[in-house]
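Input: a single structure, listed below in structure tokens.
The values are calculated or read from the model by the stated rules, or taken from the named source; none is laboratory data. This one's a predicted model, so the numbers in the text were calculated from it and none came from an experiment. Here the Cβ is made from the backbone with ideal geometry for all residues, glycine too, and neighbour counts use every protein chain on show. The protein model used for the area step is the full one, side chains on, heavy atoms only, and it has no ligands, DNA or RNA in it. Shrake-Rupley method; radii C 1.70, N 1.55, O 1.52, S 1.80 Å.
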Amino acid sequence: MTDLTSLTLADAREGLTQKSFTALELTDAHLAAMEKARVLNAYVLETPEQARAQARAADATIAKGNAGPLAGIPLGVKDLFATTDVRATACSKILGNFIPPYESTVTSQLWRDGAVMLGKLNCDEFAMGSSNETSAFGPVVNPWRREGSDTNLVPGGSSGGSASAVAANLCLGATGTDTGGSIRQPAAFTGIVGIKPTYGRCSRWGIVAFASSLDQAGPFARTVRDTAILMRSMAGHDPKDTTSVDRPVPDYEAAIGKSVKGMKIGIPKEYRLDGMSGEIAKLWAQGADWLKAAGAELVEVSLPYTKYALPAYYVVAPAEASSNLARYDGVRYGARVNGKNIAEMYENTRAAGFGPEVRRRIMIGTYVLSAGYYDAYYLRAQKVRTLIKKDFEDVFAKGIHAILTPATPSAAFGIGEKGQADPIEMYLNDIFTVTVNMAGLPGIAVPAGKDGQGLPLGLQLIGRPFDEETLFSLGEVIEQSAGHFTAKKWWV
Ligand code: GLN
């Protein structure tokens, strides 16, 4: 029998419907693979009993002929999502052993449709990071290695566990969240597909908040089609999230294989950074050629405020984080370190519970929101944000259907290699992705090639608001041209 863990989600769905194997067999194959791959540190909690119970229930619905669209599909869940009776930590010590009594809307929709939860996935602490190195559970290892090297590389972040697990066949798909690039950058670093939907498309309810005006949940999978299948279950209106948008969820999978003939694709000249690596420039040109060969028209466009996106993001995101993280005070959740009085207890708890990157963000955020600096930093960053959004609106108003850019400025780097002395070195990873969050737009990362050392590289497509379908159609063209990327298994 073929290795069940190497199937695409769509093929697994087909195999289950044809009764070529059972959901329990599919789940067991994944649980066995997870056990052998613990060195990757992708899962922070494995939930085999729950997985097998869900798989048996899925088998029963398949037998009865009333299976949901994801019946029996084993998935991993970023540990930022609340899961009923299953520990959720945001990979921070401050949540201790927090066991939520409720389920996030996005994950509850996946279970409603029959999916199986294999476990909770590692991520950067409170999703702050680009390498998964800020996690209280330690770094995640990328299944990819440089040719001829056994150096462990980062999978990107913050959804590093999700990306690594999908790339290493430890689940058929996974949930992630993306505040400034945390789905697209790790997808690019691990040779898989990840999409950040339009702000408001997926409910944020039950997801640990980082920067509420930027956070969006989205899927990871090994093919564009598989992400489209997952998106349909994850998206939808939720009255419990006031920023969730009430519009019908399309059948995203129907967009796969649709002709892109006549579509206008913008190539933003401001993304051609000084000192951009030749490999990235080549990949970008190659992607444009593939879309052209499929009948799309390439148009140079301008997004003049791009250069302010990263600095503005690193004001807005920490500001919102400092407010969102005020609730972790040692009273309501998990960890507590006592003190002489309540103020000292708060201080001790927060000093011990938060890691250095989270503390840095809280301090920056508190500073930019403080009375004397609010206008100079926070208000100004919000104005820049409006201009960034307007840049995109102007481009789309000219009839552009989507924008093509690189997903990241480089391939995956080594664990401990970046950002130690200067955090800005790490922040620069998000240079191509944060604009999309600032503007609330959808963005997909699709693997498109390899660098000189054999590591995967991704391209990003940015779409009009709520036009994820065009991204799936275009993304599939790139995927068909570039082929699939599979890491050599060294961990078993
Ligand atoms: N790397 C960015 C940050 O650290 C984005 C993180 C994210 O999208 N969650 O803020």
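Kindly give the semi-axes, whole Å and largest first, of the ellipsoid equivalent to segment 385-445, taking each as the square root of 5 times a Cα gyration tensor eigenvalue. Intermediate results must be reported in sequence, preceding the final value.
Working: eigenvalues 164, 35, 11 Å².
Values for segment 385-445, descending: 29, 13, 7 Å.
How much of Trp144 can a 1.4 Å solvent probe reach, expressed as accessible area in Å² and rounded to 10?
10
Computed over the Cα atoms of the chain, what is the convex hull's projected area averaged over all directions, in nm²?
22.4
Rounded to the nearest 500, what is the 222 nm mean residue ellipticity of the chain from helices alone, with -39500 (n - 2.57) per DSSP H run of 4+ residues and division by all residues? Please list the in-between numbers first.
Working: 15 runs with 176 residues, N = 492.
Per the formula, -11000 deg cm²/dmol.
Could you give each residue of segment 47-64 its phi-based ³J(HN,Hα) in whole Hz, using Karplus coefficients 6.51, -1.76, 1.60 with θ = phi - 60°, and x for Gly or Pro?
10, x, 5, 4, 4, 5, 5, 5, 5, 4, 5, 5, 4, 5, 5, 5, 4, 7
What ³J(HN,Hα) values, in whole Hz, does the Karplus curve 6.51 cos²θ - 1.76 cosθ + 1.60 give for segment 360-371 when θ = phi - 60°, with x put for Gly and Pro?
4, 5, 5, 5, 4, x, 5, 5, 6, 9, 6, 3
Of Lys307/Lys418; Lys240/Lys264; Lys258/Lys489; Lys78/Lys390, which sit over 30 Å apart, Cα to Cα? Don't skip to the answer; put the middle values down first.
On the way: Lys307/Lys418 22 Å; Lys240/Lys264 37 Å; Lys258/Lys489 34 Å; Lys78/Lys390 32 Å.
Where the Cα-Cα span goes over 30 Å, the pairs concerned are Lys240/Lys264; Lys258/Lys489; Lys78/Lys390.
Check which residues have an amide H placed less than 5 Å from Leu457's amide H, if you skip close sequence neighbours.
HN-HN under 5 Å from Leu457: Ala448, Gly449, Lys450, Asp451.
For Trp111, what accessible area in Å² do you get when you roll a 1.4 Å probe over the heavy atoms of the protein chains, rounding to the nearest 10?
Number for this one is 50 Å².
Give, in whole angstrom and from largest to smallest, the semi-axes √(5λ) of the equivalent ellipsoid of segment 145-304, with λ running over the eigenvalues of the Cα gyration tensor. Kindly include the intermediate steps, with their values, before the conclusion.
Numbers: eigenvalues 140, 103, 59 Å².
Whole-Å semi-axes of the equivalent ellipsoid: 27, 23, 17.
Treating each Cα of segment 375-479 as an identical point scatterer and ignoring solvent, apply the Debye formula and state log10 I(q)/I(0) at q = 0.11, 0.13, 0.21 Å⁻¹.
-0.44, -0.60, -1.13
At a 1.4 Å probe radius, carbon and sulfur cover how many percent of the accessible area of segment 376-417? Mind showing how you got there, number by number?
Working: 1050 of 1840 Å².
Here carbon and sulfur together make up 57 percent of the probe-accessible area.
Considering all alpha-carbon pairs of segment 326-398, what whole percent are spaced by more than 19 angstrom?
Value for segment 326-398 (Cα pairs over 19 Å): 57 percent.
Can you list, largest first and rounded to whole Å, the semi-axes you get for segment 168-227 by taking the square root of 5 times each eigenvalue of its Cα gyration tensor? Kindly include the intermediate steps, with their values, before the conclusion.
On the way: eigenvalues 83, 25, 21 Å².
Three semi-axes, in Å: 20, 11, 10.
Relative contact order for the chain: what percent, with Cα pairs under 8 Å and sequence separation of 6 or more? Please list the in-between numbers first.
Values: 1210 pairs, mean separation 87.6, N = 492.
Result for the chain is 18 percent.
Quick check: net charge around Ala136, other residues with Cβ under 9 Å of its Cβ, Lys/Arg +1 and Asp/Glu -1?
0
Normalised by the number of residues in segment 156-225, what is the relative contact order in percent for Cα pairs under 8 Å and 6+ residues apart?
On the way: 134 pairs, mean separation 27.0, N = 70.
About 39 percent, as a whole number.
What accessible area per residue, rounded to a whole number of Å², is obtained for the chain using a probe radius of 1.4 Å?
Values: 18450 Å² over 492 residues.
Value returned for the chain: 37 Å² of accessible area per residue.
Expressed as a whole percentage, what fraction of the accessible surface of segment 148-235 belongs to carbon and sulfur atoms when a 1.4 Å probe is rolled over the protein heavy atoms? List each step's numbers first, then the result.
Numbers: 490 of 1130 Å².
Looking at segment 148-235 in its full context, I get 43 percent from C and S.
Starting at the first residue of segment 136-150, write each ³J(HN,Hα) from the Karplus equation 6.51 cos²θ - 1.76 cosθ + 1.60 with θ = phi - 60°, in whole Hz, x for Gly and Pro.
5, 8, x, x, 8, 9, 6, x, 7, 10, 5, 4, x, 10, 10
With the cut-off at 1.5 for a/c, could you classify segment 124-207 from its C-alpha gyration tensor as rounded, prolate or oblate? Numbers along the way, then the final one.
Numbers: a/c = 2.12, a/b = 1.60, b/c = 1.32.
Prolate, because a/c is 1.5 or more and a/b exceeds b/c.
Along the charge dipole of segment 360-487, Cβ charges K/R +1 and D/E -1, which of Thr366, Ile462, Asn429 sits furthest on the positive end?
Final value for the positive-end residue is Thr366.
What residues have an amide H closer than 5 Å to that of Phe21, excluding those fewer than 5 places away on the same chain, when H is modeled at 1.01 Å from N in the peptide plane?
Long-range HN contacts for Phe21: none found.
Which sequence of Tyr377, Tyr333, Tyr271 reflects their accessible areas, 1.4 Å probe, from the largest down? Walk me through the numbers on the way to the answer.
Numbers: Tyr377 95, Tyr333 55, Tyr271 0 Å².
Output order, biggest surface exposure first: Tyr377, Tyr333, Tyr271.
Amide H to amide H, which residues 5 or more places from Gly119 or on other chains are under 5 Å from it, using H placed in the peptide plane?
Amide H neighbours of Gly119, under 5 Å, 5+ apart: Thr47, Val77.
So which of Lys36/Lys93; Lys196/Lys383; Lys196/Lys269; Lys19/Lys261; Lys269/Lys389; Lys93/Lys340 end up more than 28 Å apart, counting from Cα to Cα?
Lys19/Lys261, as the Cα separations exceed 28 Å there.
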